[in-house]
Amino acid sequence: MPYPVSLTVAPALTDRNRLTTAFRFILAIPHLILVGGGGIGFASGGQRSDVSIGDGGGLLGVVVVVLAIVSWFTILISGTHIVGIRQFTAFYLRWRARALAYFMLLADPYPPFGDGPYPASIDIEDPTAPRDRLSVAFRLLLGIPHFIVLFFVLFAWLLATIVGWFSILFTGTFPEGLHQFGAGAMRWQLRVEAYLYLMVDEYPPFSLH
């Protein structure tokens, strides 16, 4: 069955905007501050090493993490996900999808601040079955395999984006294979984020599709 989190990215291969591409990092800064641009990261301090998802999730990402902690308790105790929390988290992930697509050169139009039409969009289905409290209880542990694999996938995505950046500047085109890989990597990342933020209970596939 299809996964309840789906990402659509319209192809943007030719006639790319070289000027905005050249300054993409600077142009994306307002969105990076609010919804972040990072994905999986390893942080080391002294003898302590951690793996985390959503590094660089921006100011709204901090709020979403706090709300996920609240939701962890409400789902375990009552089996319910507070509607307002769910709506805000979905809003954040929609905005984040658009910002990531722009920042990583998958689209050229400047993303809206908040909701609005854009070539990249994410859809999250509401759960139809009772929440799986057992998987919620151990959600971070269950995410570890994805943390490990996504670290390498997102690093490869970064390299692909750098190659794409030069390709757009010199030829005005984004290689189709690199664009498809980038869209797949973002799809994988956002599915895992939605899983960790308790939006879905189905385990994310290890897949770019």
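The values are calculated or read from the model by the stated rules, or taken from the named source; none is laboratory data. No experiment lies behind these values; they were computed from the predicted model shown. Because the Cβ atoms are built from the backbone with ideal geometry, glycine has one as well, and the counts that use them run over all protein chains shown.
Only residues that are among the β-branched types (Val, Ile, Thr) and touching a helix residue (DSSP H, G or I) at 6+ places or on another chain (Cβ under 7 Å) were counted across region 115-173, and they come to 8.
The residues on offer are Ile162, Ile122, Ile168, and the sole one that is under 21 Å from Arg18 (Cβ atoms), crowded, with 20+ Cβ neighbours inside 10 Å and β-branched (Val, Ile, Thr) is Ile168. Does Ala10 satisfy the condition of being at pLDDT below 95, more than 16 Å from the chain's Cα centre (by Cα) and on the phi < 0 side of the Ramachandran plot? So Ala10 fails the test.
Within region 181-190, does at least one residue satisfy the condition of being loosely packed, with under 13 Cβ neighbours inside 10 Å and in contact (Cβ under 8 Å) with a residue 40 or more places away in the chain? No: zero hits. Of all residue pairs spaced 6 or more apart or on separate chains, those with beta-carbon atoms under 7 Å, a first member in region 11-39 that is without any contact (Cβ under 8 Å) to a residue 40 or more places away in the chain and a second member that is outside any helix (DSSP H, G or I) are Gly38/Asp55; Gly38/Gly56. Among the residues making up region 75-89, a single one is more than 13 Å from Pro127 (Cα to Cα), of a type in the set (A, V, I, L, M, F, W, C) and crowded, with 19+ Cβ neighbours inside 10 Å: Ile85.
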